[in-house]
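Encoded as structure tokens, the structure appears first; notes follow it.
Every read-out reported here was derived from the displayed coordinates using simple, explicitly stated rules and does not represent laboratory data. Note that the structure is a prediction, hence the values are computed from the model and not measured. Here Cβ is always computed from backbone atoms with ideal geometry, including for glycine, and neighbour counts include all displayed protein chains.
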Amino acid sequence: TRLILATRNAGKITELRAILADAGLDHELVGADAYPEIPDVKETGVTFAENALLKAHALAQATGLPAVADDSGLCVDVLGGAPGIFSARWSGTHGDDPANLELLLAQLGDIAPEHRAAHFACAAALALPDGTERVVEGRLRGTLRTAPAGTGGFGYDPILQPEGETRTCAELSAAEKNAISHRGQAFRALVPVLREVLAG
Ligand code: ITT
Ligand code: NA
């Protein structure tokens, strides 16, 4: 069966393909860019789970195929959880623009390491054309660096150093990141649900 990856974020798509393949999912995975005629849904939810469900339902309804979506972001303790669901547009420009990360670093200034706790969060949603839905979440806790390091991954990866690591997410290999990441955790938890729901 074909499974839609209801996202246009190339970094997410690369990671999702690896995570789902490693988990033994044998569906044909197709990104939202394969359906250019389908407009992007407005992310009007106030939680990652709500936005992930909105994106998954929009693609499932429009294509008549099962769809999974990822809504994710960086939540900084000292900023009360911001940027959170606004991570992709924190500086006003979208997505993998380093302006987002630079603005966040400027906002944190020289706050000491013990006050730089943060986590990545990911909600993984599945929607079927008949309206069936599931959503699960994953988290990766860590500390924010004062300067970016590394070239891997995407988004805020160069500034998040996971707990127990000496490297940032952007200095991990793709496999190392997927093994511990918010996205890896969420989508690995979704795989048994995908198997069950798509089989039955
Ligand atoms: P789609 O809605 O098309 O999936 P998007 O990039 O707009 O793409 P989100 O609204 O979920 O997706 O925003 C997620 C943002 O959070 C993303 O652009 C990054 O800035 C950040 N982010 C999420 N996961 C990340 C990760 O694994 N590493 C670094 N930054 C991440
Ligand atoms: Na979002």
**Item:** Under Karplus coefficients 6.51, -1.76 and 1.60, residue-wise ³J(HN,Hα) of the range 106-115 in Hz, glycine/proline x
**Value:** 5, 5, 7, x, 9, 3, 5, x, 5, 10
**Karplus-derived HN-Hα couplings along the range 88-104 (A = 6.51, B = -1.76, C = 1.60, θ = phi - 60°), whole Hz, x at Gly and Pro** = 6, 10, 4, 9, x, 10, 8, x, 8, 5, x, 4, 5, 5, 5, 4, 4
**Message:** Below 8 Å between Cα atoms, with a sequence gap of 6+, how large is the relative contact order for the chain in percent?
**Reply:** 20
**Prompt:** Taking +1 at the Cβ of each Lys and Arg and -1 at the Cβ of each Asp and Glu, which of PHE187, LEU16, GLN61 sits farthest along the dipole of the range 2-199 towards its positive end, judged by Cα position relative to the Cα centre?
**Reply:** PHE187
**For the range 28-101 and the range 184-200, distance of Cα centres in Å** = 19
**Item:** Segment VAL193-LEU103, extension gain: residue separation times 0.36 nm, minus the distance between their alpha carbons
**Value:** 28.6 nm
**Rounded to whole Hz, the Karplus (6.51, -1.76, 1.60) HN-Hα couplings of the range 24-38, x for glycine and proline** = x, 6, 10, 7, 6, 9, 10, x, 4, 5, 6, 10, x, 6, 8
**Fill in**
For GLY31, the residues 5 or more places away or on another chain with a placed amide H closer than 5 Å to its own amide H are LEU5
**Item:** Nonlocal amide H pairs with ALA82, under 5 Å, H built at 1.01 Å
**Value:** VAL76
**Request:** Compute the relative contact order of the range 86-200 as a whole-number percentage, counting only Cα pairs closer than 8 Å that sit 6 or more residues apart in sequence.
**Result:** 23
**Asked** When the Kirkwood hydrodynamic radius is evaluated over all pairs of different C-alpha atoms of the chain, what value in angstrom, to one decimal, is obtained?
**Response** 17.0
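For the range 1-119, what's the relative contact order in percent, using C-alpha pairs closer than 8 Å and at least 6 residues apart? List each step's numbers first, then the result.
Numbers: 146 pairs, mean separation 26.8, N = 119.
Result for the range 1-119 is 23 percent.
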